[in-house]
1. All but one of (1) farther than 28 Å from Leu178 by Cα; (2) at pLDDT 95 or above hold for Ala132, so report the exception by its number.
2. Before we move on, is Thr133 in contact (Cβ under 8 Å) with a residue 40 or more places away in the chain, near the ligand (Cβ under 10 Å from one of its atoms) and outside any strand (DSSP E or B)?
3. Within segment 158-191, which residues are surrounded by fewer than 20 Cβ atoms within 10 Å (Cβ to Cβ) and of a type in the set (Ser, Thr, Tyr)?
4. Counting residues that are away from the ligand (no atom under 13 Å from the Cβ), modelled with pLDDT of 95 or more and in contact with a Leu (Cβ under 9 Å, 6 or more places away or on another chain), which strands (runs of 3 or more DSSP E) fully inside segment 141-204 reach at least 1?
5. Does Gly119 satisfy the condition of being within 11 Å of the ligand (Cβ to nearest atom), more than 25 Å from Gly85 (Cβ to Cβ) and either out of contact with any strand residue (DSSP E or B) (no Cβ under 7 Å at 6 or more places or on another chain) or not in a helix (DSSP H, G or I) (or both)?
6. Could you please give the count of residues in segment 120-146 that are surrounded by fewer than 17 Cβ atoms within 10 Å (Cβ to Cβ) and either within 10 Å of the chain's Cα centre (by Cα) or not polar (S, T, N, Q) (or both)?
Amino acid sequence: MTGAAAGESPPPPANKDWQPNDMNTIPFNEPDGRLRPLQSADAPSIAAAADDPAIARWLRNGFPSPYTLADAESFIADFAEREEGERHLGIEVDGRVVGVIGVVPGTPGDVHERTAEVGYWLGASHWGRGIATAAVTAMTRSLFAETELVRLQAAVYEGNRASCRVLEKAGFTKEATLRSYVFKRGEILDAHLYAAVRDGVRPG
Ligand SMILES: CC(C)(COP(=O)(O)OP(=O)(O)OC[C@H]1O[C@@H](n2cnc3c(N)ncnc32)[C@H](O)[C@@H]1OP(=O)(O)O)[C@@H](O)C(=O)NCCC(=O)NCCS
């Protein structure tokens, strides 16, 4: 019997008031690795890690390049606690935020309210240690455990093999190639659509 059927409070709606468990942090395997809400004190380390065209090329144009301290400060102030389920958590390793992972659900009340887009980036000095894979895996498990979201997806731009690998290792499945989906830096690119659905998530 479900909690609601047993007379307990119904689960929270998918797109509202979601907070990760464990005191707003999500631990992952990297020594001292965790996902946690961003604080204004994180701005310098975020700006230092994010100011890199090798990161910006794979993200939407709203990601600044160059990426200044002021950009980091306004990101933290404006986006860290958005309404309607959108969340951006810092990827903290060894006590410093070296990247960000975010989740943006569909519009509440509309057909995609239980689907969310996942995005992430990591400073280049931390690439190749499995950190992004651990972060995506931890975020996926937490979202499926803590919310009513049933589908997480990401559209990876053509050529971004590292991100495709991250999603594959985190248990996402490639569902399609979206042809001519992206116009980035003067180029039309395909994108690879990856998704994880609630029943398909790897067991903890
Ligand atoms: C994508 C990104 C988050 C990966 O972070 P990371 O912590 O280095 O990723 P991981 O170490 O967990 O895994 C990377 C995997 O990609 C592989 N990889 C890296 N570069 C590669 C390349 N050029 N070709 C093929 N595979 C590559 C690694 O070998 C590893 O796979 P393996 O474990 O099977 O060997 C990081 O490169 C990044 O921030 N890139 C810029 C922003 C971005 O692309 N964001 C995602 C947008 S969809």
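The values are calculated or read from the model by the stated rules, or taken from the named source; none is laboratory data. Everything numeric in this text was worked out from a predicted model, so none of it was measured. In this analysis, Cβ positions are derived from the backbone assuming ideal geometry, glycine residues included, and neighbour counts consider all displayed protein chains.
1. The single condition Ala132 does not satisfy is (1).
2. no
3. Passing the criteria: Thr173, Thr177, Ser180, Tyr181.
4. Per the criteria, 173-184, 187-197.
5. For Gly119, the condition - within 11 Å of the ligand (Cβ to nearest atom), more than 25 Å from Gly85 (Cβ to Cβ) and either out of contact with any strand residue (DSSP E or B) (no Cβ under 7 Å at 6 or more places or on another chain) or not in a helix (DSSP H, G or I) (or both) - is not met.
6. Residues flagged as surrounded by fewer than 17 Cβ atoms within 10 Å (Cβ to Cβ) and either within 10 Å of the chain's Cα centre (by Cα) or not polar (S, T, N, Q) (or both) within segment 120-146 amount to 7.
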